[in-house]
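The values are calculated or read from the model by the stated rules, or taken from the named source; none is laboratory data. Model, not experiment: these values are computed from the prediction. Reconstructed Cβ throughout: ideal geometry from the backbone, glycine too, with neighbour counts over all protein chains shown. Accessible surface areas use protein heavy atoms only, side chains included; no ligands, DNA or RNA. Shrake-Rupley method; radii C 1.70, N 1.55, O 1.52, S 1.80 Å.
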Amino acid sequence: SNEGYCDMGTLTCVGGNEPGSECTSNWSCDNTAVCLPNPDWTPEAMAAYKGEARDISADGNYVFGQTYGQSDWNSPDYDPYLYASAYIQNPNGSFTQVPPPPGASPYDSWSAFNISDNGQTAVGTYGWWIYSYPVVWNEGMGTIDLQWFLIGQGLDDLWFWYLRRAATVSADGTVIGGDGYNPDRWIEGFHLDIGKVSICHYPSG
């Protein structure tokens, strides 16, 4: 294979036909494959997961984006739940659907912002342009409304806040940053260390 890429740190080519040579003026290398065939890009996947890619992990393994679902809202097989979801493209080219939080309207949608380097935590907002609220997706927990989740964990002060968005997540997925309106209606940032959270569950039955 003649695939190669430009190392942006050293501006030299890695792989390709001329490894070690200087990258060209358009930050590319000779004989570098731009697009590689992805067997998971079936017509069904292309119809489901088209939209905008909004973030990529540092190593390039995970892409986080928001999907526009099927293009024809009047189609009999139109799926509003899929339209409302975000997506993650995994290292093997497959896709993970990132659904709305439980109980949310499927006629709203995700706005994807940021993904952790291991692809296991993603953050953004859910709603519409008039209103939205912060959401967090975790591989083990699914999608949650962050403000209601934190209130449920005992942060009663948040009854008087309106959190607007979860804008970023750390590389290891343990710290989330965002902003919202405080009780005085001023916009304030927040920093949430979820590496220290103990999740409380109501007993079943």
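Being under 19 Å from Gly103 (Cα atoms) and either open to solvent by 60 Å² or more (accessible area, probe 1.4 Å) or polar (S, T, N, Q) (or both), is that true of even one residue in the range 179-199? Within the range 179-199, not a single residue is under 19 Å from Gly103 (Cα atoms) and either open to solvent by 60 Å² or more (accessible area, probe 1.4 Å) or polar (S, T, N, Q) (or both). Any residue that is surrounded by 23 or more Cβ atoms within 10 Å (Cβ to Cβ), among the aromatic types (Phe, Trp, Tyr) and modelled with pLDDT of 95 or more - is there at least one of those in the range 120-132? Checked the range 120-132: at least one residue is surrounded by 23 or more Cβ atoms within 10 Å (Cβ to Cβ), among the aromatic types (Phe, Trp, Tyr) and modelled with pLDDT of 95 or more. Picking from residues in the range 80-95 that are at pLDDT 80 or above and part of a loop (DSSP other than H, G, I, E, B), the one that is surrounded by the fewest Cβ atoms within 10 Å (Cβ to Cβ) is Asn92. Residues that are part of a loop (DSSP other than H, G, I, E, B) and within 12 Å of the chain's Cα centre (by Cα) are absent from the range 160-171 altogether.
Being modelled with pLDDT of 70 or more, of a type in the set (A, V, I, L, M) and closer than 21 Å to Trp137 by Cα is a property that does not hold for Ala48. Sort out which residues of the range 143-161 are open to solvent by 20 Å² or more (accessible area, probe 1.4 Å) and more than 22 Å from Pro183 (Cβ to Cβ), and write them in order of number. Across the range 143-161, the qualifying residue is only Ile144.
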